[in-house]
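Taking it in order: structure first as structure tokens, then the write-up.
Laboratory data are not the source of any read-out in this text; all were calculated from the coordinates shown. This is a predicted model, so every value here is computed, not measured. Positions of Cβ are backbone-derived with ideal geometry, glycine not excepted, and every protein chain shown enters the neighbour counts.
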Amino acid sequence: MERFPVGEKYLSGATASSLNEARLIFEEMGCKAHTYCVAYLPDEFSEIMRYSSHLVFNSVAQYERFRSAVSVHNANSADTPISCGIRCNPEYSEVETELYNPAAPGSRLGEVDAAFANGLPEGIEGLHFHTLCESTSYDLEKTLAAFEQHFGHLIPKVKWVNMGGGHLMTKKGYDTAHLVRLLQNFKEKWGVDIILEPGSAIAWETGVLISTVLDIHESRGIKTAITDISFTGHMPDTLEMPYRPRITHVAQNGEATPAVTPPIGAGRGGLYRIGGVSCLSGDYMKEYSFEQDLKVGDRIIFEDMIHYTMVKTTTFNGVRHPDICILHENGELEVVKKFGYEDYRNRLS
């Protein structure tokens, strides 16, 4: 993992949800991916097998469609055979936002227990579920109870169970001892290998997005601080989830104070919406309470923004993307990448 030296200390592999992700893992991390795709593209499947140690299929029908191709690959490859699994939907999740709930009624993600009325298809070695989102070990415990209720009769027939992502084990207060007991008990009970995808835990509290106030706009008593970032362009998760990021106000005198959200109450500086720079009318966050009046040139720092911001940005309106930088412990700021006009132009036809 030449480009991922910290990850290499803690992780034994990586997971992918597309050919590009699987290739990145293979080329940059030096290992094959545990790959799950909602649907595999026929013209990509041969290549994705080259980069994968495991292939998880979203449906029994998808597995049957590609089953012979996997068999041929395994027969002709000198590497360890690809292990195949199927994603299950335990129909239970603690995620309240439907857009982010893989177990919502009618979900297209995974098979419900009725799909296995005739048992597991021949050649399936694993079961996979993923219903957590920045969740606790106690959420996993309740999910496991639902998983065992629906699919317990299948677990003795497989070699591994992938419990998906969303395990926020690096968050302050996370009960890691409880997680370890939970996993140990599951393994002792069923005798299977356990795979976790702690992606959110890896990227938790790892970076900020820094914006500058360009204008203060007031309309019918509502003040909006227009910044040089865009929620829809740079932080679409804040509108999709939706969630309100924690922010810090840095005045031009260098004083930094965290903003809070009503109904905690307005600070001395009052309430301001935070507006994005695109022309989308909904490109803003509702009011925050500030200790000082906001002024043009002030900085607004969005906390914990690196995990989804870097991978979900768009070029809507041609908005400029933020530079990617590393602030070293000695105070040195290293600019890793800058984005310009060519990045925008080259995404167009």
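For the residue pair Lys338 and Ser281, what label-to-label distance in nm results when each label sits 7 Å from Cα along the Cα-to-beta-carbon direction?
3.8 nm
For a protection proxy built on the mean count of beta-carbon atoms within 10 angstrom, sort 276-283, 187-194, 342-349 highest first, please. Mind dumping the intermediate values first?
Values: 276-283: 16.4, 187-194: 12.9, 342-349: 9.0.
Top to bottom by mean Cβ count within 10 Å: 276-283, 187-194, 342-349.
Subtract the Cα-Cα distance of Ile216 and Arg299 from 0.36 nm times their separation in residues, and report this length gain in nm to one decimal. Working shown, then result.
Details: separation 83, 0.36 × 83 = 29.88 nm, distance 1.30 nm.
Here the segment from Ile216 to Arg299 would lengthen by 28.6 nm.
Under 24 Å between alpha carbons, and skipping anything fewer than 8 positions from Lys337 in its own chain: which lysines qualify?
Within reach: Lys312.
Looking at the chain only, what percent of DSSP beta bridges run antiparallel? Nearest 5 please.
The antiparallel fraction comes to roughly 50 percent.
Pick out which of Lys338, Lys172, Lys223 has the largest mean-square fluctuation in a Gaussian network model of the chain, springs linking Cα atoms closer than 10 Å.
Lys172
Which one, Val60, Val6, Cys325, projects farthest toward the positive side of the charge dipole computed for the chain from Cβ point charges (K/R +1, D/E -1)?
The listed residue farthest towards the positive side: Val60.
How far is the Cα center of segment 184-198 from the Cα center of segment 93-167, in Å?
Each part reduced to its Cα centre gives a spacing of 14 Å.
Along the charge dipole of segment 5-203, which of Phe186, Ala39, Asn118 sits closest to the positive end, that is, farthest toward it, with unit charges on the beta carbon of Lys, Arg, Asp and Glu (+1, +1, -1, -1)?
Phe186
Put one equal scatterer on each alpha carbon of segment 209-345, apply the Debye formula with no solvent term, and list log10 I(q)/I(0) at q = 0.12, 0.15, 0.18, 0.22 1/Å to two decimals.
Log10 I(q)/I(0), no solvent term: -0.48, -0.75, -1.07, -1.49.
Across bins of 10 angstrom width beginning at 0, how are the C-alpha pair distances of the chain distributed, in whole percent?
Computed distribution, short to long bins: 5, 20, 27, 24, 15, 7, 1, 0.
About the Cα centre, and with charges only on the beta carbon of Lys, Arg (+1) and Asp, Glu (-1), how big is the dipole of the chain? Nearest 20 debye, please.
For this selection, approximately 220 debye.
List the residues, sorted by chain then number, that are 5 or more residues from Phe57 or on another chain and whose placed amide H is less than 5 Å from its amide H.
Gly85, Ile86, Arg87
May I ask you to derive the FRET efficiency for Val311 and Glu148 from their Cβ-Cβ distance with R0 = 45 Å, giving the value to the nearest 0.05?
Working: r = 33 Å, r/R0 = 0.73.
Computed FRET efficiency for Val311 and Glu148 comes out at 0.85.
Rounded to the nearest 500, what is the chain's calculated 222 nm mean residue ellipticity when only DSSP H runs of at least 4 contribute -39500 (n - 2.57) each, over all residues?
Numbers: 11 runs with 91 residues, N = 349.
When only DSSP H runs of four or more count, the value is -7000 deg cm²/dmol.
Can you tell me which of 113-119, 127-133, 247-253 comes out highest on packing, and rank the rest after it, using the mean Cβ neighbours within 10 Å?
Those peptides, ordered most packed to least, come out 127-133, 247-253, 113-119.
With springs connecting C-alpha atoms under 10 Å apart, model the chain as a Gaussian network and identify which of Glu27, Glu205, Glu334 has the largest mean-square fluctuation.
Glu334
Top mean-square fluctuation among Ala39, Ala225, Ala78, Gaussian network model of the chain, C-alpha springs under 10 Å?
Ala78
Could you work out the per residue convex hull volume over the alpha carbons of segment 5-203, in cubic angstrom? Mind showing how you got there, number by number?
Details: hull volume 25.9 nm³, N = 199.
Value for segment 5-203: 130 Å³ per residue.
Based only on Cα atoms, what mean projected area does the convex hull of segment 141-211 have, in nm²?
Values: hull surface 23.9 nm².
That works out to 6.0 nm², a quarter of the Cα hull's surface.
Give the cross-link partners of Lys172 among the lysines, using a straight C-alpha distance below 23 Å as the criterion and excluding same-chain residues fewer than 8 apart.
Of all the lysines, those that pass the test against Lys172 - Cα under 23 Å, at least 8 places apart if same chain - are Lys9, Lys142.
Please give every one of the lysines within straight-line cross-link reach of Lys157, meaning a C-alpha to C-alpha distance under 20 Å, and leave out same-chain neighbours fewer than 8 residues apart.
Straight-line reach from Lys157, under 20 Å: Lys187, Lys189.
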